[in-house]
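Report on one structure; see the data block that follows.
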Amino acid sequence: KPIIAIVGKPNVGKSTIFNRIIGERVSIVEDTPGITRDRIYSSGEWLTHDFNLIDTGGIDLGDEPFQKQIRAQAEVAIDESDVIIFMVNGREGVTQADEMVARILYKSNKPVVLAVNKIDNPEMRSDIYDFYSLGFGEPFPISGSHGLGLGDLLDEAAKHFPTNEDPDYDDETIRLSLIGRPNVGKSSLINAILGEERVIVSPIAGTTRDAIDTLYTVDDQEYVLIDTAGMRKKGKVYESTEKYSVLRALKAIERSNVVLVVIDAEEGIIEQDKKVAGYAHEAGKAIVIVVNKWDTVEKDSKTMKKFEEKVRDNFQFLDYAPIAFVSALEKSRLKTLFPLIQMADENHRKRVQSSTLNEVITDAVAMNPTPTDNGRRLNIFYATQVAIQPPTFVVFVNDAELMHFSYKRFLENRIRDAFGFEGTPVHLISRKRN
Ligand code: GDP
């Protein structure tokens, strides 16, 4: 999907516009307890246009001066998007901060659409002409608070969408990405995995963004490592911010089949790790948890078991994900990783037979009767698999309201155990049968 970024100095109304455009449809597959969501990146739709949207206002450098903040936000937009919406405040006229943003944007060769916000009624439209001086052509009047002008603005942005889609890899190829907060060792792992000589292809023709995919083969299985460029190219001030690492992760997750959630054995698990992992879970990707820097841990025979318990405790929503313990630095135990990735991917794309599925559900119900509510009992008539990646099942019932969360979890787990869905989330949807 093409990516639009919104930039502009603080308080021009970026977040309001962001929320207007994405509406309430933040893609949450299911509620995951313990995960808070940052709405800096989301998918949006406008008539026939389908895109992702970044609110760069969410990139916060803490106490850094204003100018540095704005610069970082503009750089994120330039690096991460296909089209930039540059927002200014129509009630203020052109300010120095706007000019500063403009200068940064000139130097990129990204298409920029200028949006003049807070033009709440037609009489104010004459206020927009000043903004021609910023040098981005016709300014588009919009009103975040009244939701005006967004259609024209997005139509203009869509004119600049790249026409090439992502490169099309063979269906058998496993698209893999590594996510995790800064410094857990993602780049080191990539380098350790690839060993420089095994890198076959870098920028692949047809790639529309700066993402560089790397194709490589292990044990006759072909892999594409997604977005390694972004990880290996370092040094920008915003790269250490939490929101930016989430943004990076989301972009990579979207294009992946299997996501490696990397955590740091030395520093342990912190809240930010859970948040990043939560996105991969919600996106329904196959997941392997990778505990890196295993070399730093002093070990006895129980260490791994104990660490595993800690991981399980912290990532309860990832109870299906296998765990690998590795050291990128010492290049040790990396071989344990690939069988897990392969297994997770296989399960992620597995189809099961309806007849067997229904036997499993019948047995599950016999073991643990369906819940009742006000004397009404949930009746399950039939179940069928409707999708893979992740495996998704529809169960037809008398009343979907009667399918309580805990019972749904129970059925998911029965299905998981019966068919062996280790490494992949399993989605279960209840539908009323007419
Ligand atoms: P990224 O931000 O997740 O890409 O992390 P980097 O790959 O840049 O690694 C961050 C730091 O951790 C660097 O100083 C690495 O040398 C170090 N590091 C990475 N992997 C390991 C490991 O397995 N063991 C140890 N001891 N250090 C590591």
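To keep it simple, each residue is scored yes or no on (1) more than 29 Å from the chain's Cα centre (by Cα); (2) touching a residue at least 24 places away in the same chain (Cβ under 8 Å); (3) farther than 24 Å from L150 by Cβ.
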| site | (1), (2), (3) |
| --- | --- |
| D60 | no, yes, yes |
| I70 | no, yes, no |
| D82 | no, yes, no |
| N89 | yes, yes, no |
| G93 | yes, yes, no |
| Q96 | yes, no, yes |
| M100 | yes, yes, yes |
| P111 | no, yes, no |
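Hey, does region 81-94 have a residue that's surrounded by fewer than 22 Cβ atoms within 10 Å (Cβ to Cβ) and part of a helix (DSSP H, G or I)? So far as region 81-94 goes, no, none of its residues is surrounded by fewer than 22 Cβ atoms within 10 Å (Cβ to Cβ) and part of a helix (DSSP H, G or I). Kindly indicate whether I142 is farther than 17 Å from V76 by Cβ and crowded, with 23+ Cβ neighbours inside 10 Å. The answer is yes for I142. Here V276, V261, V246, V291 are screened, and the one residue that is part of a helix (DSSP H, G or I) and closer than 27 Å to E330 by Cα is V276. Of everything in region 121-144, what is farther than 21 Å from V7 by Cβ and of a type in the set (G, A, S)? Give them in sequence order. Within region 121-144, S126 is the sole residue that qualifies. Do the conditions hold for F18, that is, is it more than 18 Å from S143 (Cα to Cα) and modelled with pLDDT of 80 or more? Here the answer is no, as F18 does not meet what is asked.
When we screen A211, A205 for residues that are assigned to a loop (DSSP other than H, G, I, E, B), aliphatic (A, V, I, L, M), more than 16 Å from the ligand (Cβ to nearest atom) and modelled with pLDDT under 85, the only hit is A205. The single condition among (1) farther than 26 Å from G58 by Cα; (2) aliphatic (A, V, I, L, M); (3) more than 12 Å from the ligand (Cβ to nearest atom) that A328 does not satisfy is (3). Pairing residues of region 310-334 that are among the charged types (D, E, K, R) with residues that are surrounded by fewer than 22 Cβ atoms within 10 Å (Cβ to Cβ), at Cβ distances under 6 Å and at least 6 apart in sequence or on separate chains, gives E330/D295; K331/A192. Are any of the residues in region 182-191 at pLDDT 85 or above and more than 15 Å from the ligand (Cβ to nearest atom)? The answer is no, given that none of the residues of region 182-191 is at pLDDT 85 or above and more than 15 Å from the ligand (Cβ to nearest atom).
For region 328-350, residues that are charged (D, E, K, R) and under 24 Å from the mean Cα position of the chain (by Cα) total 4.
Here region 262-294 is the region considered, the condition is being surrounded by fewer than 16 Cβ atoms within 10 Å (Cβ to Cβ) and among the charged types (D, E, K, R), and the residue that is farthest from the ligand (Cβ to nearest atom) is E271.
The values are calculated or read from the model by the stated rules, or taken from the named source; none is laboratory data. Model, not experiment: these values are computed from the prediction. FYI the Cβ positions are ideal-geometry reconstructions off the backbone, even for glycines, and counts take in every protein chain you see.
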